[in-house]
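To start, the structure itself, in C-alpha cells.
The values are calculated or read from the model by the stated rules, or taken from the named source; none is laboratory data. All values derive from a computational prediction rather than experimental measurement. Note: ideal-geometry Cβ built from the backbone for every residue, glycine included; neighbour counts use all protein chains shown.
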Amino acid sequence: MDGGTHAENLALQNIQARMRMVVAFLLAQLLPWARGKSGFLLVLGSANVDECLRGYMTKYDCSSADINPIGGISKSDIRAFLGWAASHLGYPTLADVERAPPTAELEPLREGQVAQTDEEDMGMTYDDLTQYGRLRKVHRCGPVSMFRVLAQAWGAALSPAQVAEKVKRFFFYYAANRHKATTLTPSYHAESYSPDDNRFDHRQFLYNVTWPWQFRRVDTLAAEMEGG
C-alpha cells in the first residue's frame, strides 16, 4: 500500500497485514464447511525467530496465528535449508525463493522491482540479528556487555563507533517492540535464542527505549576505543 507520509504509509501497511490474518482465519473456518467436512483448519504464522526478536512484525498479524512452524528458526538456517532442499529434495524452485530478497510485500512494486526489503526496513541484516539474539537471549547481554563482545568480534571491519550505533539500534527496537513478545504465536524450540516460550522469560516487556545509562556508557567506551 501507498499512503503519503511515512506515518500514513506504515498505518496502511499495518491494516493490510492485520486484514490478511482476518481473511486467513475466515478461510480456515469456512474451507472445511465448503468441502462438506466438519471442524476447521489451523492458521500458520510465518515470522522467523530473528523477526520475532527484533519485533519486525505487525501485532495481530503473524503474531496471532495458531502455530508458527518457523518461529524458532533463524533466517540464516531457513535460507540454508531452502538451498539444500532445492538440490536434494527435487524442488528446484526453492532456489529462486532462497535468492529472492526477503520482503513483507506490503508496498507495490516500483517499475517491476521490489520496493521494500526486510533488511532495509529493519536497518540491520539477518546475520547480525542472529548474533544479537544469541548474545541477548543465551548470554543475557545488555547494551554494554554486547558492545564489548561485538567491538572485538567486528573490530576488523567496523570502528567502535559503528559497532556502538548497531548495538544501540538493536536495543532500541528490541525495547520498543518487546510488548509484541506477549502475543507471539507458539512455535517449535529450534534455536537457542527462540523467543518462544516467553512465559519462561522473566525479563520485563516494557523498557525505556533510550537505555539512558547503558547507551551513554556504550558511547563512552566507543570514544575511548577510538581515541586509544
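When restricted to residues that are part of a loop (DSSP other than H, G, I, E, B), crowded, with 16+ Cβ neighbours inside 10 Å and of a type outside the set (S, T, N, Q), region 9-67 contains 9.
Could you run through region 80-107 and say how many residues are touching a Phe, Trp or Tyr at 6+ places or on another chain (Cβ under 8 Å) and more than 25 Å from Q16 (Cα to Cα)?
Quick first cut of region 80-107, residues touching a Phe, Trp or Tyr at 6+ places or on another chain (Cβ under 8 Å) only: 85, 102.
Now restrict to residues that are more than 25 Å from Q16 (Cα to Cα): 85.
Matching residues across region 80-107 total 1.
Within this structure, A86 passes the test of being more than 30 Å from R178 (Cα to Cα), crowded, with 18+ Cβ neighbours inside 10 Å and touching a residue at least 12 places away in the same chain (Cβ under 8 Å). Within the bounds of region 115-125, is there any residue that is more than 27 Å from A11 (Cβ to Cβ), outside the structural domain of N9 (by TED's automatic domain parsing), surrounded by 15 or more Cβ atoms within 10 Å (Cβ to Cβ) and not basic (K, R)? Scanning region 115-125 turns up no residue that is more than 27 Å from A11 (Cβ to Cβ), outside the structural domain of N9 (by TED's automatic domain parsing), surrounded by 15 or more Cβ atoms within 10 Å (Cβ to Cβ) and not basic (K, R).
Would you check if L150 is over 30 Å from G45 (Cα atoms), in a helix (DSSP H, G or I), in contact (Cβ under 8 Å) with a residue 40 or more places away in the chain and not β-branched (V, I, T)? No: the conditions fail for L150. Among the candidates I67, I73, I15, the residue that is under 15 Å from the mean Cα position of the chain (by Cα) and at pLDDT 90 or above is uniquely I73.
Here are A95, A100: which of them is surrounded by fewer than 17 Cβ atoms within 10 Å (Cβ to Cβ) and touching a Gly at 6+ places or on another chain (Cβ under 8 Å)? Reasoning before the result, please.
Values: A100 fails: touching a Gly at 6+ places or on another chain (Cβ under 8 Å).
Exactly one of A95, A100 is surrounded by fewer than 17 Cβ atoms within 10 Å (Cβ to Cβ) and touching a Gly at 6+ places or on another chain (Cβ under 8 Å), namely A95.
Quick check on my filter: what residues within region 6-50 are charged (D, E, K, R) and under 19 Å from T183 (Cβ atoms)? I'd like the intermediate steps shown before the answer.
Our first condition is that a residue be charged (D, E, K, R); within region 6-50, this holds for 8, 18, 20, 35, 37, 50.
Selection gives R18, R20, D50.
Of everything in region 153-185 that's part of a helix (DSSP H, G or I) and of a type in the set (S, T, N, Q), which residue is nearest to Y60 (Cα to Cα)?
Kept after step one, since they are part of a helix (DSSP H, G or I), are these residues of region 153-185: 153, 160-176, 178-183.
Within this subset, residues satisfying the condition of being of a type in the set (S, T, N, Q) are 162, 182-183.
Values: Q162: 34, T182: 11, T183: 8 Å.
Per the stated criteria, the residue is T183.
Has region 180-201 got at least one residue that is surrounded by 14 or more Cβ atoms within 10 Å (Cβ to Cβ) and at pLDDT 90 or above? Looking through region 180-201, none of the residues is surrounded by 14 or more Cβ atoms within 10 Å (Cβ to Cβ) and at pLDDT 90 or above.
Listed residues E111, E107; which is among the acidic types (D, E), at pLDDT below 95 and touching an Asp or Glu at 6+ places or on another chain (Cβ under 9 Å)? First the steps, then the outcome.
Details: E111 fails: touching an Asp or Glu at 6+ places or on another chain (Cβ under 9 Å).
Unique residue meeting the criteria: E107.
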